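Down below is the structure, laid out as structure tokens.
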Amino acid sequence: MHLCIWFFNIKKTMLKYFLLLTFIQICFSSCPTGTNASFTNPNNCYLFVSKKLEFITAEGYCRENGGHLTSISNAFDNMFLSQEAASNIKNNTEGDFWIGGTNELIPGTWTWMDGSPFTFTDWMKGQPENVSISNCAVSSILTSLWTAEDCFKSKTFVCLIPSLISTTTTTTTTTVKRTTTHKPYKCENVKKK
């Protein structure tokens with residue numbers, strides 16, 4: 001009985017810390033105005049755009065705002081983006097939005113527009129189709145699952161923009177000069193063979 005109470009209190013305490021950290025991150029986010037902070041990476045901010053553009057034009061819009069069409073590196077961000085898109089993107093009649101995945105840069109290979117590794121995927125069953133016109137990725141607002149679409153369709157989209165203050169780690173290298181206390185050998189005393 002005491003073990004169950006102790007375990008419950010630990011879970012309750014962990015939840016409090018998680019909520020506190022989330023609150024601090026939201027309050028002290030260094031994201032540009034009009035963007036939403038990522039919960040998994042303090043260096044990432046999301047811009048939800050209701051304007052419908054073709055894939056490459058949407059990428060240009062994101063670049064003008066300092067970012068790229070969003071890459072997605074984990075399931076948490078994938079779900080977060082779909083949930084936030086539902087409340088932040090207006091007039092989305094298609095039910096999906098552009099993300100930064102494409103196989104146009106390297107035919108047959110899916111890559112992110114920002115160059116980050118394409119290691120996480122959440123394709124709908126049967127996707128991506130091997131159809132020559134479906135070369136750009138969209139995410140469903142309802143399911144968070146991805147499908148390959150015609151890049152020339154106009155859709156709403158999400159940009160990934162770096163925060164105003166990046167969190168980085170700096171490494172300092174120190175060089176130590178060694179000194180010797182013995183006299184150096186004289187080369188002239190060595191006999192040649």
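Which numbered condition in (1) more than 27 Å from PRO32 (Cα to Cα); (2) more than 16 Å from the chain's Cα centre (by Cα); (3) surrounded by 13 or more Cβ atoms within 10 Å (Cβ to Cβ) is the only one that SER140 fails?
Exception for SER140: condition (1).
Of everything in the stretch 121-137 that's exposed (fewer than 13 other Cβ atoms within 10 Å of the Cβ) and of a type in the set (A, V, I, L, M, F, W, C), which residue is nearest to TRP98 (Cα to Cα)?
ILE133
ASP96: buried (at least 16 other Cβ atoms within 10 Å of the Cβ), charged (D, E, K, R) and out of contact with any Leu (no Cβ under 8 Å at 6 or more places or on another chain), yes or no? Walk me through it before giving the result.
Working: buried (at least 16 other Cβ atoms within 10 Å of the Cβ): yes; charged (D, E, K, R): yes; out of contact with any Leu (no Cβ under 8 Å at 6 or more places or on another chain): yes.
Judged against the criteria, ASP96 is a match.
Which strands (runs of 3 or more DSSP E) does the stretch 72-172 wholly contain that include 1 or more residues that are in contact with a His (Cβ under 7 Å, 6 or more places away or on another chain)?
96-106, 155-162
Does the stretch 96-104 contain any residue that is farther than 25 Å from LEU164 by Cβ, β-branched (Val, Ile, Thr) and free of Cβ contacts under 8 Å to residues at least 12 places away in the same chain?
No, every residue in the stretch 96-104 fails to be farther than 25 Å from LEU164 by Cβ, β-branched (Val, Ile, Thr) and free of Cβ contacts under 8 Å to residues at least 12 places away in the same chain.
Could you tell me which residue of the stretch 43-58 is nearest to GLU149 (Cα to Cα), considering only residues that are touching a Cys at 6+ places or on another chain (Cβ under 9 Å) and either part of a helix (DSSP H, G or I) or without any contact (Cβ under 8 Å) to a residue 40 or more places away in the chain (or both)? Show your work before the answer.
In the first step, residues of the stretch 43-58 are kept if they are touching a Cys at 6+ places or on another chain (Cβ under 9 Å); the result is 44-49, 54-56, 58.
With either part of a helix (DSSP H, G or I) or without any contact (Cβ under 8 Å) to a residue 40 or more places away in the chain (or both) added as a condition, the list becomes 55-56, 58.
On the way: PHE55: 10, ILE56: 13, ALA58: 14 Å.
Here the answer is PHE55.
Coordinate-derived values only; no laboratory data. For clarity, every value in this text was computed on a predicted model and none was experimentally measured. Don't worry about glycine lacking a Cβ; one is built from the backbone with ideal geometry, like all the others, and counts go over all protein chains shown.
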